[in-house]
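Trainee: Mind looking over this structure? Questions follow.
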Amino acid sequence: MAITDALQRKRLRLLLRLFVGILGALVVFRVGYWMIIRADWLRDKASAQWILELPVEPQRGNIEDRNGNILAASVTSNTVVLHPKAISPEELPELVDALALILDIDRETIENKAKKTNYSVVWLDRQISQEQSQLIRELNSSGVSLAEDKKRYYPLGNFLTQVLGFTSVDGEGLEGIESRFDHILHGTPGSIVTETDRDGNPIPGSYEQYKSPIEGNNIKLTIDIAIQSYAEKALDICMQENKAKNAIAIVMDCNTGEILAMVSKPDFDNNEPPRHDIELLRDLTRNISTSNQYEPGSIFRLISLAAALDSNTITSDYETNCPGYYEVEGKKLICWNYEAHGHQGLKEVMQNSCNVVIADIGQKMGVNTLYKYLNDFGLGVKSNIELYGEASGTIISPKYIEEDNLTKIVNGQSISLTPLQLVSAVSAIVNGGDLMKPMIIKEETSPRNEIIQSFGSEKIQSVISYNTSILLNEMLVSTVEYGNGYNVRIDGYKIGGMSSTSQKYDEDGYIVKDKHVASFIAAAPMNNPQIVVLVIVDEPETEQHYGSLIAAPYVKMIMEDALPYLSIMSDVSTITQRDSIILPDVIGMSVSEAESTLRRLGIDSIVEGYEGKIAKQLPKEGSNIDSNKKVMMYLEKEDDQNIGQIVDVPNLVDLGVVEANNALLKIGLKIRVNGVGSVVISQYPSADSDAYIDDVVIVTVGYPENDEE
């Protein structure tokens, strides 16, 4: 029995030692685990309780124009930080009331954040004003402090809106260049690390560490702030006068592909983007110069002729006859003016924008040749400009092309381009034949303005020969001088250009009645082309919708400012001397006969009416007329009761536009307004001239000498 008890006690001691050993091993293992394996975690947890780390945002890089003018910059602002553990229950109501008044934040929001005592700091408001910052300091409360923050600032407001884009309140690029080059502009954040007590309050005189942020680099654009301002001003006037859905303008250096100006209207102030309305913000931030596709219409005939001439489908001495229609696959394509243009050379084809002749040339050229040049001009593919959201355009696959498709495509229908693609193609035509890659980024520079990388112009390929380019340039000049491009003439400069009026389609592919896109593209100076300017006006709410009337005046506005700015001086030798001419009788002629008769004398004309021969003309036969004036020609109107009734044209000079219109309406005349301004400065026909009932009087408006434009 004694032996058994001794054995049991021995076993118990052994078990106890074993248990103590295992327990000790577990304790040692656990301690080792926390001290070695989880040491970093414990250190971080401890640090989180007695170390406060606040981020310091880096200075975001500037966005500048080609000459270093700042378009977007970051300025210092303050963020309001609450310290809930430092706010006593007695101080809370008074502090909440003061902050609600200063920051215009509802009291409940502030109080809820101030009661989050499980947090050392709580962010309350971002990017407050200097006045608000001073009032916060004057509270002299340990429960609230200011942290340095950065705010993005656009000094010119509504300027280059879609290209620049904007940032979030956290300084992250959201749209445009701000988003595309956020990795370059943003920089690397820094921090402030300081010791705190158990309540999260900074300990005076304690350990503090500051890690400097690394500033972002700058982006320099190819945009020229002056030329951009000319284009912005012109389109602001355009939108006001035409009440258009939207409008764009692009100015390109045709020899380098650099974008000097790019405007999309409507727009907004980048300092205050409409963040509250996501759909509106999405619409206004789309850069329609690169993301929208549209049927180019008549302007595309320039590209078709370039392909035909360069491929030797036709030659420079090509002449043909326009019978008023072109028949293909049993379908008739009617000439746009509903009458035959008759015998024409290539210049006349361009001046008349004759769709019938272009259709015939397209059939001679064939699908394969045309598509070779479409590809060479970079159509149907993205240009890879340094902007997000670029569209590629739409071109029907050549295997699906039928003859009637071909006649439409060469006339700018059944094909869609972006405005940027059109500008690039026309630049290649006028610069001697070289397609240049469109570019909007010029340089990346350091905060000390050291060049990190530079982006030079890039030639993609030669599309047409130099001789073809010269020939087409002559045609473009003749279109401005003798065709429908007269509204871009600038004395002392040789301008070349073309207009277009395009149709719009609904979702089912049907033409939408009374909705058009008016456009005009021009290059200058044509003796040595430097710039190409395109203006497109979408859905103008005007009686007339022709590109030569709606878009051309704004191309002229831009060029009148841009050419002298670029040190392209006017040449007196290019100013056409216009002598007095005795006006012939054109009554009874067809439109084409009358236009041809007047054009040979160097006289431009305007046609009113829809069909028939010339029924009347102003001024009358035998009148002396300066060749810089236009002859009004009126087609036959069978249902016009007042045809032949003559009235005296009143004096409209110095009247406002509304007054002038009312004066004409009283005697049965209509008004057509050219120019921009508040009063009439000239009129045609002049005061006391004879006019027929329902005639149109053309007035040019401007500003009185003491008015500011």
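Trainee: May I ask for the net charge around Leu260, where only other residues with Cβ less than 9 Å from the Cβ of Leu260 are counted and Lys, Arg are +1 while Asp, Glu are -1? Intermediate results must be reported in sequence, preceding the final value.
Mentor: Details: positive: Arg66; negative: Asp224, Asp253, Glu258.
Overall, the nearby charge balance is -2.
Trainee: Something else now. Of the listed values [x] 1.11; [y] 1.37; [z] 1.03, identify the label whose number matches Cα Rg over 2.2 N^0.38 Å calculated from this model.
Mentor: Answer label, from the structure shown: [y].
Trainee: Report the one residue of Ile184, Asn352, Ser465 whose Cα lies farthest in the direction of the positive end of the charge dipole of the chain (charges on C-beta: Lys and Arg +1, Asp and Glu -1; origin at the Cα centre).
Mentor: Toward the positive end, the furthest listed residue is Ile184.
Trainee: Can you give the direction-averaged projected area of the convex hull of the alpha-carbon atoms in the stretch 349-436, in nm²? Working shown, then result.
Mentor: Values: hull surface 25.2 nm².
Averaging across all directions leaves 6.3 nm² for the Cα convex hull.
Trainee: Kyte-Doolittle cut-off -0.5, length cut-off 30 Å along the helix's own axis using Cα: show which whole DSSP H helices in the chain pass. Please list the in-between numbers first.
Mentor: Working: long enough: 2-32 (44 Å, 1.03).
Span-like helices, by this rule, are 2-32.
Trainee: Take the Cα pairs of the stretch 413-502, get the Kirkwood Rh, then feed it into Stokes-Einstein at 20 °C and 1.002 mPa s and tell me D in µm²/s.
Mentor: This corresponds to a translational diffusion coefficient of 136 µm²/s.
Trainee: How charged is the neighbourhood of Leu652? Take every other residue with its Cβ under 14 Å from the Cβ of Leu652, and add Lys/Arg as +1 and Asp/Glu as -1. Don't skip to the end; give the middle numbers.
Mentor: Working: positive: Lys666, Lys670, Arg672; negative: Asp648, Asp654, Glu659, Asp688, Asp695.
So the surrounding residues net to -2.
Trainee: Under a point-charge model restricted to the Cβ atoms of Lys and Arg (+1) and Asp and Glu (-1), what is the dipole moment magnitude of the stretch 236-360 relative to its Cα centre, in debye to the nearest 20?
Mentor: For this selection, approximately 260 debye.
Trainee: Turning to a different aspect of this structure: How big is the accessible area of Leu156 in square angstrom, nearest 10, if you roll a 1.4 angstrom probe over the protein chains?
Mentor: 80
Trainee: Okay, moving on. For Gln461 and Thr542 in the same chain, what is the full-extension length gain: residue separation times 0.36 nm, less their Cα-Cα distance, in nm?
Mentor: 25.1 nm
Trainee: Here's a follow-up. For the pair Ser570 and Ser682, how long in nm is the line joining their label points, each one 7 Å along Cα→Cβ?
Mentor: Those two pseudo-labels are separated by 1.2 nm.
Trainee: While we're looking at this one, here's another question. Which ³J(HN,Hα) values, rounded to whole Hz and listed in residue order, are derived for the stretch 312-327 from phi using the Karplus coefficients 6.51, -1.76 and 1.60 in 6.51 cos²θ - 1.76 cosθ + 1.60 with θ = phi - 60°, glycine and proline given as x?
Mentor: My calculation for the stretch 312-327 gives 6, 5, 10, 10, 5, 8, 4, 9, 7, 10, 9, x, x, 7, 9, 9 Hz in order.
Trainee: Would you calculate the separation in nanometres between label points at Asn528 and Glu90, each defined as 7 Å from the Cα along the Cα-to-beta-carbon direction?
Mentor: 8.4
Trainee: FRET efficiency for Thr188 and Ala147, Cβ-Cβ distance as r, R0 = 22 Å, nearest 0.05?
Mentor: Between Thr188 and Ala147 the formula returns 0.75.
Trainee: Along Cα→Cβ, 7 Å out, is where each label goes; now give me the distance between the ones at Ile606 and Leu14 in nm to one decimal.
Mentor: If labels sit at Ile606 and Leu14, their model points lie 12.2 nm apart.
Trainee: Using the beta-carbon distance between Ile581 and His343 and R0 = 30 Å, what value does 1/(1 + (r/R0)^6) give for FRET efficiency, to the nearest 0.05? Walk me through the numbers before you get to the answer.
Mentor: Working: r = 24 Å, r/R0 = 0.79.
Computed FRET efficiency for Ile581 and His343 comes out at 0.80.
Trainee: R0 = 51 Å: FRET efficiency of Gln240 with Gln209, Cβ-based, nearest 0.05? It would help to have the intermediate numbers written out before the result.
Mentor: Details: r = 57 Å, r/R0 = 1.12.
With a Förster radius of 51 Å, E is 0.35.
Trainee: While we're on this one: If you stretched the chain out fully between Lys666 and Trp336, how much longer would it get, using 0.36 nm times the residue separation minus the C-alpha to C-alpha distance?
Mentor: Details: separation 330, 0.36 × 330 = 118.80 nm, distance 3.40 nm.
Length difference between fully extended and current span is 115.4 nm.
Trainee: Near Lys515, which lysines are there with a Cα under 17 Å away, not counting those fewer than 8 places off in the same chain?
Mentor: Candidates past the 8-residue exclusion: Lys243, Lys245, Lys504.
Trainee: Would you tell me the accessible area of Met569, worked out with a 1.4 angstrom probe on the heavy atoms of the protein chains, in Å² to the nearest 10?
Mentor: 120
Trainee: Still on this model: How much length is gained on full extension from Ser133 to Leu280, taking 0.36 nm per residue of separation minus their Cα-Cα distance? Don't jump to the answer; show the numbers that get you there.
Mentor: Working: separation 147, 0.36 × 147 = 52.92 nm, distance 3.24 nm.
So the extension gain works out to 49.7 nm.
Trainee: Follow-up question, since we're still on this one. From the protein chains alone at 1.4 Å, what is the descending order of accessible area for Arg11, Arg66, Arg282, largest first? Walk me through the numbers before you get to the answer.
Mentor: Working: Arg11 150, Arg66 55, Arg282 130 Å².
Putting Arg11, Arg66, Arg282 in descending order of accessible area: Arg11, Arg282, Arg66.
Trainee: Positive end of the dipole of the stretch 402-456, charges at C-beta (+1 Lys, Arg; -1 Asp, Glu), about the Cα centre: which of Ala425, Gln413, Ser454 has its Cα farthest in that direction?
Mentor: Ser454
Trainee: Thr479 accessible area, nearest 10 Å², 1.4 Å probe?
Mentor: 0
Trainee: When Lys and Arg each count +1 and Asp and Glu each count -1, what net charge do the other residues less than 12 Å away from Ala687, Cβ to Cβ, add up to? Let's see the in-between values first.
Mentor: On the way: positive: none; negative: Asp648, Asp654, Asp688, Asp690.
Once positives and negatives cancel, what remains is -4.
Trainee: Please give the Cα centre distance for the stretch 115-191 versus the stretch 348-409, rounded to the nearest Å.
Mentor: Taking the Cα centre of the stretch 348-409 as reference, the centre of the stretch 115-191 is 49 Å away.
The values are calculated or read from the model by the stated rules, or taken from the named source; none is laboratory data. Given the structure is predicted, the values throughout are model-derived calculations rather than measurements. As a convention, Cβ positions derive from the backbone with ideal geometry for all residues, glycine included, and neighbour counts pool all protein chains shown. Remember, those area values only see protein heavy atoms, side chains included, never the ligands or the DNA or RNA. Shrake-Rupley method; radii C 1.70, N 1.55, O 1.52, S 1.80 Å.
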